[in-house]
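The values are calculated or read from the model by the stated rules, or taken from the named source; none is laboratory data. On a predicted model such as this, the values are computed, not experimentally measured, just so you know. Note that we place each Cβ from the backbone using ideal geometry, even for glycine, and neighbour counts take in every protein chain shown.
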Amino acid sequence: MTKCNVITRIVNSILTYVYLRPCIFSQGLHVQQRLVGCELLRDEPGRMMTLEAFNGESGFERHYNVQGDQHTDWKWPVIKSRAQLEYDAWLYAHFYRPLCISQLRKYLKKEQKRVMAKVKPRVRVIKRYCREAGVVQMTCLATGFYPRHINLTLLQDGQPVNEERVTGGELLPNPDGTYQMRKSVELSAEEQRERHTYTCTVTHLSLDNKLDISIGMAMAI
């Protein structure tokens, strides 16, 4: 265990005792949650955030930057002296924030290739017949892409299909760290007879231009 980890655990234990002392000796099972994060803005240290919750209820929130506290929200009945508040500010300025920024920089350097990677989506249009209902389900599937942001649109004769008719659209993870998304629309018997052309159009950071995959009603899968 590193020196920083030891110090962090000691400080966290002290803070937990001070903040939650009224609950420590009560009976039953209690759950404390703590979320700490920091930002880098153009490689310059940004704000640091600390969120605390106890038994599912948010009790403490602090946003800190180099100038000091931006926002602090106390909900727990904790009485702190001026010296304690000054010590908290010192901890944030000289320990918590520098440590968080240092670890974030190390992580970004280590993961830079993965974080900055761009993987092109594999796109296909799938047509399935439902004979009992007399409809055809047209599905556009984009999978294997990274990063996660993607724009996937279903077109009928070059025009976007009404969003009220479109199902799906949820972003889902793949086991290899990439993502997938699919959108579907059901086509009535009348629309099938009219033989429209349907297109799945995709834009993504990995693509120089938008990707269009078309399928006509004369085709079947």
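Values computed for the structure shown
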read-out: One residue from 177, 169, 216 being at pLDDT 85 or above and under 26 Å from residue 134 (Cα atoms); value: 169
read-out: Residue 30 loosely packed, with under 15 Cβ neighbours inside 10 Å, assigned to a loop (DSSP other than H, G, I, E, B), within 29 Å of the chain's Cα centre (by Cα) and modelled with pLDDT of 60 or more; value: yes
read-out: Residue in segment 99-117 that is nearest to residue 193 (Cα to Cα), counting only those that are touching a residue at least 12 places away in the same chain (Cβ under 8 Å) and out of contact with any Pro (no Cβ under 7 Å at 6 or more places or on another chain); value: 117
read-out: Condition met for residue 149 (surrounded by fewer than 14 Cβ atoms within 10 Å (Cβ to Cβ) and within 25 Å of the chain's Cα centre (by Cα)); value: yes
read-out: Any hit, segment 142-159, residues being without any contact (Cβ under 8 Å) to a residue 12 or more places away in the chain and not small (Gly, Ala, Ser); value: yes
read-out: Test set (1) within 20 Å of the chain's Cα centre (by Cα); (2) within 15 Å of residue 138 (Cα to Cα); (3) surrounded by 17 or more Cβ atoms within 10 Å (Cβ to Cβ) - residue 179 fails condition number; value: (2)
read-out: Residues of segment 120-161 classified as of a type in the set (Val, Ile, Thr), farther than 21 Å from residue 205 by Cα and either in a strand (DSSP E or B) or not assigned by TED's automatic domain parsing to the domain that holds residue 176 (or both), total; value: 4
